[in-house]
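Engineer: Have a look at this one before I ask anything.
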Amino acid sequence: MPGYIEDRWLTKKKDPVTGKRRRTSRYGKGKRYRVAGIPGVSDASFGIEQDAKDWLAAAQTDVSRGTFADPRDGLITLSEYINSVWLQGKSGTEKSKRNIGHQLNHIHDFLGDRPLLNIDAAAVRRFIVLLDEVAKLANTYAHSICSTLRNILDVAVDDKRIGTNPARSKSVVFPSKKIKEKREAWAAAVVQRVLAAINRRHRLAVVLGAGCGLRQGEVFGLAEEDFDFERHVIHVRRQVQMINNRIFFKLPKGEKTRIVPMAPSVEAEVIDHIAEFPPVAVELPWGKSTAEETQTHRLVLTTVNGNANNFNTWNIRTWKPALVTAGVIPSSAPGARRGSFKMPRKFGFHITRHTYASTVLQGGEDIVTLSQWLGHETATITFEHYAHFMPQSGHKGAAAVDRMMGYTPPAAPPVLILPRFSPEHIWKPYPYYKPAGQDVRTGETAQASPLLA
């Protein structure tokens, strides 16, 4: 095998007179033994010969297996490696880069000052604990951060900085990426209250969210030509995105366009909105906020000045005040800064999308079709998010078990029939609640039971 050990203090040949090896000019200076001659491996120096022999043997074995990693290359800190190497080979959209930047902040905080060589499975396990106990991150987000760390260390292995990836150790268990909290949806009465409370110019946004399942950016990106009133569908071809407060057009999430059906009620709302607030031609960069290429579309939802909606402004000045008026969230505390509302994240605009999914599933639509309308990558994602909205979920299985066990459910109790005027169950004045077929005169102050058929 290639490789040899050089003694820097003594010459290789012996003195012909004394029979001893002569001293070199470096005698007594620095480390005595140098390991060299291994292709693709930098020379290494050692003070003890046995250490040099052990290193040479291990290096020769690892080189033959293709797993050699020079420990000196692993002395770079994780933060230095991320910034100087890993990020240089990372591509993606502006939004994905911004999200990666947020994830890297946690990696820099908890592991950034450690040399790559010092990051072992124990350090990764501790990192996962800190994400939960110190950063207090949701499991799904913590899982994404751990996945990013694993990718960084994979690249470090490929670059021969480290021999193995500690994030792939059997003892390392990432936080579950499954969502613990079930998606919530609004009842029809809440949707009606929000529709009544929101500014008329922006009412259509709620209609398209709850009535078609569109994301907020997709709603803001809809143009007049995207509505096909002959086929009663909407073509979701673009969305409005915002990075660093700069607005631009781009393809919908996942770079996928789709077609969503319009219910007659939604179609009527669209027609009325376009008649009252004519679409406005808006030109924005295409693809990313700094792009030179632009596109112009006649947007159906714009500001009073004819501009595309700014997410932050719309959420603070339109969405949250409407939720306050509708009684969904409390109003701002006295003396609080303008626009500050105490609103749970679950009441963001995305809840209209959950409401649409709930309504469609409870109406009997199959989950595969819903997945296509929502633009999910797979129906599995739709099922994980919205299975609990499916009618009779779990009841069919219980009924099948009952049949297998030969179980007969008890008969339903007989319906209680009350007299037409029961003093124990009176609550509303008679003039506003007249039982069908009632001919008896009772006077203006008489009351009738709400249980009467």
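Engineer: Quick one: which helices (runs of 4 or more DSSP H) sit completely within the stretch 196-288 and have at least 2 residues that are within 20 Å of Glu94 (Cβ to Cβ)?
Structural biologist: 216-220
Engineer: Moving on to the next point. From the list Trp319, Trp286, Trp314, pick out the single residue that is among the aromatic types (Phe, Trp, Tyr) and in contact with an Asp or Glu (Cβ under 8 Å, 6 or more places away or on another chain).
Structural biologist: Unique residue meeting the criteria: Trp286.
Engineer: Out of curiosity, is Thr408 within 30 Å of Lys177 (Cα to Cα) and modelled with pLDDT of 75 or more?
Structural biologist: Taking the combined requirement at face value, the residue does not satisfy it.
Engineer: While we're on this one: As an exercise: evaluate Arg317 against (1) assigned to a helix (DSSP H, G or I); (2) open to solvent by less than 50 Å² (accessible area, probe 1.4 Å) and give the number of the one condition it does not meet.
Structural biologist: (2)
Engineer: Can you name the condition, by its number, that Asp158 falls short on among (1) surrounded by fewer than 16 Cβ atoms within 10 Å (Cβ to Cβ); (2) touching a residue at least 40 places away in the same chain (Cβ under 8 Å)?
Structural biologist: (2)
Engineer: In this structure, does Phe311 turn out to be in contact (Cβ under 8 Å) with a residue 60 or more places away in the chain, of a type outside the set (A, V, I, L, M) and open to solvent by 30 Å² or more (accessible area, probe 1.4 Å)?
Structural biologist: Spelling it out, Phe311 is indeed in contact (Cβ under 8 Å) with a residue 60 or more places away in the chain, of a type outside the set (A, V, I, L, M) and open to solvent by 30 Å² or more (accessible area, probe 1.4 Å).
Engineer: In addition: Within the stretch 149-162, does at least one residue satisfy the condition of being at pLDDT below 95, assigned to a loop (DSSP other than H, G, I, E, B) and under 27 Å from Ile259 (Cβ atoms)?
Structural biologist: No - not one qualifying residue is present in the stretch 149-162.
Engineer: Find the residue count for the stretch 195-218, including only residues that are open to solvent by less than 10 Å² (accessible area, probe 1.4 Å) and under 21 Å from Leu361 (Cβ atoms).
Structural biologist: Total meeting the criteria: 7.
Engineer: All but one of (1) crowded, with 20+ Cβ neighbours inside 10 Å; (2) touching a Ser or Thr at 6+ places or on another chain (Cβ under 9 Å) hold for Arg183, so report the exception by its number.
Structural biologist: (1)
Engineer: Still on this structure: Which of the residues belonging to the stretch 105-138 are open to solvent by less than 50 Å² (accessible area, probe 1.4 Å) and over 19 Å from Thr77 (Cβ atoms)?
Structural biologist: Ile128, Leu131, Ala135, Leu137
Engineer: Sticking with this structure for a sec: Counting only residues that are open to solvent by 10 Å² or more (accessible area, probe 1.4 Å), in a helix (DSSP H, G or I) and touching a residue at least 60 places away in the same chain (Cβ under 8 Å), how many does the stretch 343-355 have?
Structural biologist: 2
Engineer: Please go through the stretch 71-99 and give me each residue that is of a type in the set (A, V, I, L, M), modelled with pLDDT of 85 or more and open to solvent by 80 Å² or more (accessible area, probe 1.4 Å), ordered by number.
Structural biologist: none
Engineer: Which one is nearest to the chain's Cα centre (by Cα), of the residues in the stretch 86-103 that are in a loop (DSSP other than H, G, I, E, B) and not polar (S, T, N, Q)?
Structural biologist: The residue in question is Gly92.
The values are calculated or read from the model by the stated rules, or taken from the named source; none is laboratory data. Everything numeric in this text was worked out from a predicted model, so none of it was measured. Don't worry about glycine lacking a Cβ; one is built from the backbone with ideal geometry, like all the others, and counts go over all protein chains shown. Calculation scope for accessible area: heavy atoms of the full protein, side chains included, ligands and nucleic acids excluded. Shrake-Rupley method; radii C 1.70, N 1.55, O 1.52, S 1.80 Å.
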